[in-house]
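The values are calculated or read from the model by the stated rules, or taken from the named source; none is laboratory data. These figures come from a predicted structure and were not determined experimentally. Ideal geometry is used to build each Cβ from the backbone, glycine not excepted, and the neighbour counts take in all protein chains shown.
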Amino acid sequence: MAEKKRQEFWYKCLHHYGALSGLVILSLAALLAITGYWIAPDSSTNANRMIPALGSRSPGFSATLMKIPIVDVPSTSWIEQGINGKRDQYQYIPVVSWKRERENWIVEQYIDEGIAKKVEFPIAQVGTMPFQQTTFWLGTDKFGRDMLSRLILGTRVSWSVGIIAVFISLLLGIGLGSIAGFYGGKIDAAVMWIVNVVWSMPTLLLVFAITILLGKGFWQVFVAIGLSMWVNVARMVRGQVLATRELSYIEAARALGYSDSRIIIRHILPNIMGPIWVLAASNFAAAIVMEAGLSFLGVGVQPPMPSWGLMLKENYNFIITNRPALALAPGIAIMLLVWAFNLLGNGLRDIMSVRS
């Protein structure tokens, strides 16, 4: 019977085009998050390779870069690169033209539009062909960093905040909600008092307060968002447990002498997981938007870590100029990921609905 229900569930998933579309987008985003440093054009840590002379360039901009070796840079393994990025072994200088004279390269180093200066480098220092043509497909930010690379690595931040915040909210919400709904009485009243107090606070102000208490940083903002989202889960789980605890199979479990923890974990929670998964998908989307908002306001993920909200903050003034793509790209990325989670959540609601 369980196998048949599982097959029926996956059949419905594969034939619900909204849920399937959301799942495909989320799978692609997860793939980008995992392989970000291996596929990004700028594989340095946090895609933080700055070339100030090439700051705020439009998508599709190309430049010739001269690679000058940096002395005594330890090599980075393939696994280290996938986790924290690759240490830059070169300094990159934009050049307009170059020529070889005996044992030296004579280059015109690009400074600004119409401005260049002549610089001489020994061939023994930089190599026989230290030049490469680079295209910045999504342009560069005001510091001259590759926007495409930072957009790809920003996927990792958004996925991380969703996973950690939703895990914290589910852990607290399911635990407190199930205890309140199962035991009732004073325990229920105490838990619901805490829920109502937290519920009465504006979410953004609560996150601000927790962030200030924990400090600014990568992990702190994730914990702050998770601690502000558990009340939705607790209220929903409490209601589901209240409706389930009086059913005949729960009474039978009590008659057989099963412990309260076994009844809750093995008999009640598995039967109310459908609404919990739907709410988790919704909370995932809300966490991504909240993190982007906090980063935009300067209390979320801190520079130079690539966050879509931080990228919006750094480039939003270009919306009214001739380079709106610098701000639109991270905004569209946030919209797509949130839309995918909403599609998946709505699909799970339809698939797990008993009435349908």
Q | Which listed residue, of Arg266, Arg245, is surrounded by 17 or more Cβ atoms within 10 Å (Cβ to Cβ) and among the charged types (D, E, K, R) | A | Arg245
Q. Within the range 334-348, can one find any residue that is of a type in the set (A, V, I, L, M, F, W, C), in contact (Cβ under 8 Å) with a residue 12 or more places away in the chain and over 30 Å from Ser149 (Cα atoms)?
A. yes
Q) Got a sec? Which helices (runs of 4 or more DSSP H) wholly within the range 1-104 have at least 3 residues that are closer than 28 Å to Gly127 by Cα? A) 17-39, 78-84
Q: Working only within the range 299-313, note down all residues that are surrounded by fewer than 22 Cβ atoms within 10 Å (Cβ to Cβ) and in contact (Cβ under 8 Å) with a residue 40 or more places away in the chain.
A: Val299, Gln302, Pro304, Met305
Q.
I want to confirm something. Restricting to the range 124-169 and keeping residues that are assigned to a helix (DSSP H, G or I) and touching a Phe, Trp or Tyr at 6+ places or on another chain (Cβ under 6 Å), which single residue is farthest from Ala29 (Cα to Cα)?
A. Ser169
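Being farther than 23 Å from Asn342 by Cβ, of a type in the set (A, V, I, L, M, F, W, C) and either touching a helix residue (DSSP H, G or I) at 6+ places or on another chain (Cβ under 9 Å) or crowded, with 19+ Cβ neighbours inside 10 Å (or both) narrows it down to one residue among Ala19, Ala63, Ala29, Ala33; which is it?
Working: Ala19 fails: farther than 23 Å from Asn342 by Cβ; Ala29 fails: farther than 23 Å from Asn342 by Cβ; Ala33 fails: farther than 23 Å from Asn342 by Cβ.
When all the criteria are applied, what remains is Ala63.
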Q | Which listed residue is modelled with pLDDT under 90, hydroxyl-bearing (Ser, Thr, Tyr) and over 26 Å from Ser307 (Cβ atoms), from Ser75, Ser97 | A | Ser75
(Q) On the basis of being more than 29 Å from Leu294 (Cα to Cα) and touching a Lys or Arg at 6+ places or on another chain (Cβ under 8 Å), does Val195 make the cut? (A) no
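Sort out which residues of the range 240-262 are aliphatic (A, V, I, L, M) and in contact (Cβ under 8 Å) with a residue 60 or more places away in the chain, and write them in order of number. Break it down stepwise before answering.
Initial filter on the range 240-262 (aliphatic (A, V, I, L, M)): 241-243, 247, 250, 252-253, 255-256.
Once the filter is applied, which keeps residues that are aliphatic (A, V, I, L, M) and in contact (Cβ under 8 Å) with a residue 60 or more places away in the chain, the range 240-262 yields Val241, Leu242.
Output yes when any residue across the range 322-335 is in contact with an Asp or Glu (Cβ under 8 Å, 6 or more places away or on another chain) and not hydroxyl-bearing (Ser, Thr, Tyr), and no when none is.
First, the residues of the range 322-335 that are in contact with an Asp or Glu (Cβ under 8 Å, 6 or more places away or on another chain): 326.
Going one step further and asking which of them are not hydroxyl-bearing (Ser, Thr, Tyr), we end up with 326.
Among the residues of the range 322-335, at least one is in contact with an Asp or Glu (Cβ under 8 Å, 6 or more places away or on another chain) and not hydroxyl-bearing (Ser, Thr, Tyr), which makes the answer yes.
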Q) With respect to the numbered conditions (1) among the β-branched types (Val, Ile, Thr); (2) closer than 21 Å to Gly36 by Cβ; (3) surrounded by fewer than 17 Cβ atoms within 10 Å (Cβ to Cβ), which one is the sole condition not fulfilled by Thr76? A) (3)
